[in-house]
Amino acid sequence: MEEKSKSIEIKFEIKNFGPLNNLDFKGKTNSLKMGIFANNGVGKTFFSRALRLASPLYKTKNTNNLLTTNQTNGKFIFKITNENDPTKIHRNLEILLNENSKPTIKNDTRYLFHVFNSDYIAENLESYNYQPNDNIKGYILGKSNIDVSVEQNKLNKFIDEQKLVKFNIENNIEKTKKDLDELGINKNINEYKRIDFENLINNNYTVKEDKSFKSLRKMQKTLEEMPDSLNDVKHPNYTISNSVLEDVTELLSTSYEKSNLKKSFIKKLESKLEFIEDGMELYSSNIHKCPFCEQDLSKSAIKIIKLYESYIEDSETKIIKNLNSTIKKLENLKLDIRNHYSEFNEITIKFNDVKQYLPSHKEVELKFLDDNTVTLQKINELIKMLNVKKSDITSTNFKFENLNKEIKSFLEQLRADFKTDLDKIDSLNKNKNDKKIEKRELNRELCKARYLILKTEEKTNVERFNQLTSEIEDLQKDIKEKENQAKIDRREEVIKSLKDFLNYFFKDKYKFDPKTFSIIFKDERLYNKATHVLSDGEKSIVAFCYYLATSHLIIGNEEDYNNLFFIIDDPVSSMDFNFVYAVTDIITHLGTFFNHKRTRFIILTHNLDFMNLLMSNNIIHENFILRENDIERWNEKLMLPYENHLIDIIKIADGKESPSHTTPNSIRHVLETICKFENRNKSIIKFMSENPELKKNKYINVLMQDLSHGRFRSQSPPNETINNACKIVVKYLENNYKGQIEGLR
């Protein structure tokens, strides 16, 4: 079959798994019944070990021994793509190794890999002296004979209807996103990304948006119209202090002593206190001149000045001075309040002018300032009390406490409102100066508003979809319960299969006792003797039978048998041809044994006779050769051992590969085959003597002499010597049997 006509694409990517340090293969096949031939040392065993990591039966251990020497990480990727697979088109297995860590395994193939190799034998049989482990528990869920066709038809109808409902919902979701795309909304914002089918169906995305989509679009247009030259809203200052109220409290609640000076004198000077204080600061008693006109002062004038000094130093005068100062502070407090109100009115007008462009601040209002008339009147009342106090500093009969408290409360609220408004002004200016912030927030609101429209439009469809989901789940559960009413004991299935397979290979020679879970030979249970009674070939057969029987251990329900994927690495080790043929026949009928709809396997081997049997009987549908970090397609129907050896010699002669420990054997096998082809009765020694171009190469001559006499040399010759020998053998064949080389090169 031509490569392009094969429908299944397979890919292997392997790095740092033993000898497989950089393998990358991609090919096509029409079946997952594959055979891979490999010579020793190219990584066949590591290939099966990698796949065993994905087996449900394998308990992951430290995998450092799987890594290529001096490497700390590795990977094994197996991909299968089949466009005609109705269940799953893409199947991927990914295994990642990290030194001193458990492997990371991602298997979405849905296949159940069951692996047979030397490690499986060692862990499951050799360590138990070939007495299988009987710790088998659980059941396999089977299918009963109950007719579920009515339920299945109903289920299919519901599924088809749900697909249509989903299609309609998804169309409207696309329309919603298109509307938002036309507004230039960034697709990466969270509110946009959350507009999807799952959130709509499951009501995972709860949205609150008071503004309509239409009004938000209008806001978007207004934002774009905002002038670039628009100034910031002024940042107000708050300079109002209520500390004067403490002075008022002290002055009005304290009784002060009156002056000894005449009352009429004090009354007369009270209104001139400031002038007198200024003059006294300028006056010098040594000069006796008026500090203002600089005329000489008379004795009577100096006497009056001394009275002024007494007046200023008088305690009552000082109290009156404090009263006047506090009255002035209260007047300033009234002025500060009026100025604050005036400034804030201007700021409010500017704030309202700017906010009309910014949707985020459209509803934001600065705090409405309370009427200050009452507070100003209360301050005036305090001023009146202070003026009364000036006429009688001993008096404390003033009801000022509530006035103080109410004025203070007013000022504290005014300050709190100022701080709140300051934050609003800062936020407004920030958004005005960076349209991106404003636009992003507006886009979020647009997404939410449009999503609410979508929810309203699709309310009926969403309800129907969820109703169908519930009905589908109920039907599937009902069908599954009816199909799985039959339970199959897993242990009994393993025992039955193990008996059948042992009987197939050994007839009555070896039997299996389910009670003791041991092999019987001549009516005697072997127990720990099995290792000594069974031959190496028989041990391999017992291991292979147990491997096949334990396939039931990875089955949860009968449908799982259709997902079995066998990985079989050299099952014919130490077997004679009769056993090899029997193993081949067993593999042929795997589908029958396990009631598969479709059988899948990869068989790895370095036994050429076994590989030829698999190919000639059409058991494997795709044939490959594993070479050093490469997998090649094997297009020949059969390959003789002679051809395999000759291919290795040609690659070494052409410099494509280096010699290995098997190369001398390949040279011997090729020359002996040609010798017998020319004359069955001719000895290899005579053949060499008749071909001087072969005989003159000392290595080839010695090699043939040693092997003909059964000698063995412990020290291997240099690679250069073996390379030259390979070139001479190839040259000999080119001269005498040219077609042999051309057909394999």
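Quick rundown of the values:
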{"item": "Lone unmet requirement of (1) more than 27 Å from TYR561 (Cβ to Cβ); (2) surrounded by fewer than 20 Cβ atoms within 10 Å (Cβ to Cβ); (3) modelled with pLDDT under 95; (4) among the hydrophobic types (A, V, I, L, M, F, W, C) for LEU57", "result": "(1)"}
{"item": "Qualifying residue in segment 147-167 (condition: under 16 Å from LYS455 (Cβ atoms) and loosely packed, with under 13 Cβ neighbours inside 10 Å)", "result": "no"}
{"item": "Scan of segment 17-31 for residues that are in contact (Cβ under 8 Å) with a residue 40 or more places away in the chain and surrounded by fewer than 20 Cβ atoms within 10 Å (Cβ to Cβ), ordered by number", "result": "PRO19, ASN21, ASN22, PHE25, GLY27, ASN30, SER31"}
{"item": "Qualifying position, being over 60 Å from the mean Cα position of the chain (by Cα), charged (D, E, K, R), at pLDDT 75 or above and farther than 21 Å from ILE337 by Cβ, among LYS258, LYS272, LYS263", "result": "LYS258"}
{"item": "Within segment 615-637, tally of residues that are at pLDDT below 90 and either touching a Pro at 6+ places or on another chain (Cβ under 6 Å) or among the aliphatic types (A, V, I, L, M) (or both)", "result": "1"}
{"item": "Matching residues in segment 391-403 - criterion: being surrounded by 18 or more Cβ atoms within 10 Å (Cβ to Cβ) and assigned to a helix (DSSP H, G or I)", "result": "LEU403"}
{"item": "Scan of segment 348-379 for residues that are outside any helix (DSSP H, G or I) and closer than 24 Å to LEU442 by Cα, ordered by number", "result": "GLN356, TYR357, LEU358, LYS362, GLU363, VAL364, GLU365, LEU366"}
{"item": "Candidate set: segment 97-111, residues that are surrounded by 12 or more Cβ atoms within 10 Å (Cβ to Cβ) and touching a Lys or Arg at 6+ places or on another chain (Cβ under 8 Å); chosen: the one nearest to PHE76 (Cα to Cα)", "result": "LEU97"}
{"item": "ASP576 vs. criteria acidic (Asp, Glu) and over 20 Å from HIS621 (Cα atoms)", "result": "yes"}
{"item": "Test: residue in segment 476-485 that is without any contact (Cβ under 8 Å) to a residue 12 or more places away in the chain and farther than 30 Å from ASN203 by Cβ", "result": "no"}
{"item": "Elements of type helices (runs of 4 or more DSSP H) in segment 548-665, at least 3 residues being under 30 Å from LEU498 (Cα atoms)", "result": "577-588, 590-593, 608-616"}
{"item": "Criterion violated by LEU564 - all others in (1) at pLDDT 90 or above; (2) surrounded by 21 or more Cβ atoms within 10 Å (Cβ to Cβ); (3) closer than 28 Å to LEU534 by Cα satisfied", "result": "(3)"}
{"item": "Within segment 173-259, helices (runs of 4 or more DSSP H) holding 2 or more residues that are out of contact with any strand residue (DSSP E or B) (no Cβ under 7 Å at 6 or more places or on another chain), under 30 Å from GLN413 (Cα atoms) and of a type outside the set (A, V, I, L, M)", "result": "244-253"}
{"item": "Residues that are touching a Leu at 6+ places or on another chain (Cβ under 9 Å), of a type in the set (Lys, Arg) and farther than 18 Å from ILE625 by Cβ, drawn from segment 33-61", "result": "ARG49"}
{"item": "Pairs with Cβ under 8 Å, 6+ apart, first in segment 316-345 and over 26 Å from LEU366 (Cα atoms), second of a type in the set (Gly, Ala, Ser)", "result": "GLU316/SER259; THR317/SER259"}
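Matching residues to (1) at negative phi; (2) touching a His at 6+ places or on another chain (Cβ under 8 Å):
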site: LEU428; (1), (2): yes, yes
site: GLU458; (1), (2): yes, no
site: ARG490; (1), (2): yes, yes
site: LYS507; (1), (2): no, no
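The values are calculated or read from the model by the stated rules, or taken from the named source; none is laboratory data. Keep in mind the model is a prediction, meaning the values are calculated, not measured. Counting neighbours? That spans all protein chains shown, and the Cβs are built from the backbone with ideal geometry, glycine included.
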